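The values are calculated or read from the model by the stated rules, or taken from the named source; none is laboratory data. Computed from a predicted structure; not experimentally measured. Don't worry about glycine lacking a Cβ; one is built from the backbone with ideal geometry, like all the others, and counts go over all protein chains shown.
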Amino acid sequence: MGSALPPIRKRFGQNFLHDQAVLARIVGAIAPRPDDPVLEIGPGRGALTGALLERLNRLVAVEIDRDLVAGLRAAFAPERLELHVGDALDLDLASLGPPPEGGWRVVGNLPYNISTPLLFHLLDQMEAVRDMHFLLQREVVERMTAVPGSKTYGRLTVMLAARARAQSLFGVPPGAFHPPPKVHSAVVRITPLEAPLVDSALYPVFAKVVNQAFSSRRKTLRRGLSGLVDAARIEAAQLDPGARPETVDVHGFAALARMVALS
């Protein structure tokens, strides 16, 4: 891409992956077939892009940094890399055209500063997704894969579990990036559930219950959900009103949402 690389922009949370062994391991985990519909979020300087295109006939990517876009267009032929300029937080998968058969395979080394809101944004479009493989801050992956009762169990865990399964694949040290981040990273695979635990009609109520419950996670369900559902309905959902939200699994929150919807 030339000797003069674009500057690293802190506002975009850029940490560029350069370790060839890690890149190979990520591509191996994705295991793309030549004609797979793969969407890369934040291709950056194109390290993962190039590794993927060794396996793929064509790749679609979304990049917000216009300086990086120029380098990507110089490095990859347009018939191989279909590049969209914009913010992934505004991305509507439907804008990329008719959904491919089986859904998009979404991949990326996500900027740490937008990883959680971007995950929530993509969760709302899971019907168009086959699977997702992301390189994320290890703490975020731990929250995604947490179990009830653990310190990392929370809103992200529950909202994800209602629609998908998350699997932590392997860790990545800071030295694999430039500049090296101050935290460790991990690669996670997200696969949509064949049948979501919460249907689309109930999902807004479910999201409201989960958000309110975890906004004060040290409060009991009775106190944290006051004004939304009373103790009698919490008990009707087969839950203890004195329980704290971090002890309630996704099925419990789904039952609470059904109680709220009935009230």
### Message
Of everything in region 55-69, what is at pLDDT 95 or above, out of contact with any helix residue (DSSP H, G or I) (no Cβ under 7 Å at 6 or more places or on another chain) and not in a loop (DSSP other than H, G, I, E, B)? Give them in sequence order.
### Response
Val69
### Message
Considering only region 151-169, I want to know if a residue exists there that is in contact with a Phe, Trp or Tyr (Cβ under 6 Å, 6 or more places away or on another chain) and within 24 Å of Leu48 (Cα to Cα).
### Response
no
### Message
Just the residues that are of a type in the set (Gly, Ala, Ser), within 25 Å of Ala70 (Cα to Cα) and either at pLDDT 50 or above or over 18 Å from the mean Cα position of the chain (by Cα) (or both), please, taken from region 1-23.
### Response
Gly2, Ser3, Ala4
### Message
Is it the case, given these coordinates, that Pro43 is outside any helix (DSSP H, G or I) and either at pLDDT below 95 or more than 28 Å from Asp249 (Cβ to Cβ) (or both)?
### Response
yes
### Query
Using beta carbons and a limit of 8 Å, which pairs, at least six apart or on different chains, have the first residue in region 212-228 and free of Cβ contacts under 8 Å to residues at least 12 places away in the same chain and the second one part of a loop (DSSP other than H, G, I, E, B)?
Arg223/Ser216
#### Entry: Verdict on Leu110 being surrounded by fewer than 18 Cβ atoms within 10 Å (Cβ to Cβ) and touching a residue at least 24 places away in the same chain (Cβ under 8 Å)
no
### Task
Provide a single number: the residues in region 126-150 that are touching a His at 6+ places or on another chain (Cβ under 6 Å) and among the small types (Gly, Ala, Ser).
0
### Cross-chain or 6+ apart pairs with Cβ under 7 Å, region 130-150 first and modelled with pLDDT of 95 or more, then acidic (Asp, Glu)
Pro148/Glu246; Pro148/Asp249; Gly149/Glu246
### Message
So, Pro192, is that one exposed (fewer than 15 other Cβ atoms within 10 Å of the Cβ) and closer than 26 Å to Arg25 by Cβ or not?
### Response
no
### Query
How many of the residues making up region 231-254 are without any contact (Cβ under 8 Å) to a residue 24 or more places away in the chain and of a type outside the set (A, V, I, L, M)?
6
### Query
Of all residues in region 140-170, which are out of contact with any strand residue (DSSP E or B) (no Cβ under 7 Å at 6 or more places or on another chain), of a type in the set (A, V, I, L, M, F, W, C) and surrounded by 15 or more Cβ atoms within 10 Å (Cβ to Cβ)?
Val140, Ala146, Leu156, Val158, Met159, Ala161, Ala162
